[in-house]
Ligand SMILES: [Zn+2]
């Protein structure tokens, strides 16, 4: 079964590429039983979104992608 | 000096420290950072009269800096002065944050941050964020900056830095874990 350590790896990876179905399910199941990782996944998503909100961001709005 | 040019000059003065801070974060070399910002400001100043809105102007100036930084990185690589990324991160992030069975260490367990929009509007969040970025090890900070602040894809980061995409993913995972932890400690407490 997926543990927090590997779960955070998938949370990070899903911001870079599409996860496999098996990975998606494993992450979803883990998140459903682990409040700490639910906080973590929201924070990773936030850190990913801040790119174009940071005062020193060089990211162009049109480069934003939806995940 | 026209009114537009005067306004532009004032904007440059305000922008400059932020541009330098950003360039240093990425280039890790004070002289190279100054050069990149200097070239950016020269380019921007020549064309600044065509801008009206301030945020539009800032986005544009940062856009120029982005290309100057990438130029500098390429130049450093050609001249052999580029600091290669340390691929064998002798880094204990994962062992420090997780128990041997894969659960979070008690002290490292993430807590609730509140609504994302409110978090991003909080000045203190950004102060701690910047402090946390500076605390990151060089290789991790450079990859995270290229990815999240400059918006490069991991494929492009491989091209620019010569690391593998898998390595890039590993580094980003550590960057996110460390930033999250640092923000949790520095911002909430
Ligand atoms: Zn968990």
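We did not get these values from a lab; they are worked out from the coordinates using the rules stated. Here the structure is a predicted model, which is why all the values come from computation and not from measurement. Methodologically, a virtual Cβ is constructed for each residue, glycine included, from the backbone with ideal geometry; neighbour enumeration extends over all protein chains shown.
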Requested in this report: Sort the following peptides by mean Cβ neighbour count (other Cβ atoms within 10 Å, averaged over residues), highest first: B:128-135, A:14-21, B:178-185.
Outcome: B:178-185, B:128-135, A:14-21
Query raised in the report: Just how many % of Cα pairs in the range A:4-53 lie over 14 Å apart, if you round to the nearest whole percent?
Result: 49
Requested in this report: Shielding by partners for B:99-107, please: the mean number of other protein chain Cβ atoms within 10 Å of each residue's Cβ.
Outcome: 3
Report task. Enter the mean number of other protein chain beta carbons within 10 Å of the beta carbon of each residue in B:115-128, as an integer. Result -> 2
Query raised in the report: Which whole number gives the average count of other chain Cβ atoms within 10 Å of the Cβ atoms across peptide A:5-18?
Result: 5
Report task. Taking the Cβ of each residue in B:139, B:111, A:32 as the centre, tally the other Cβ atoms inside 10 Å and list the residues starting with the fewest. Result -> A:32, B:111, B:139
Query raised in the report: Taking the alpha-carbon set of the range B:93-188, what are its Rg and Dmax in Å?
Result: 14.5, 39
Query raised in the report: Roughly how many nanometres apart are two label points built 7 Å out from the Cα toward the Cβ at residue A:38 and residue B:31?
Result: 5.5
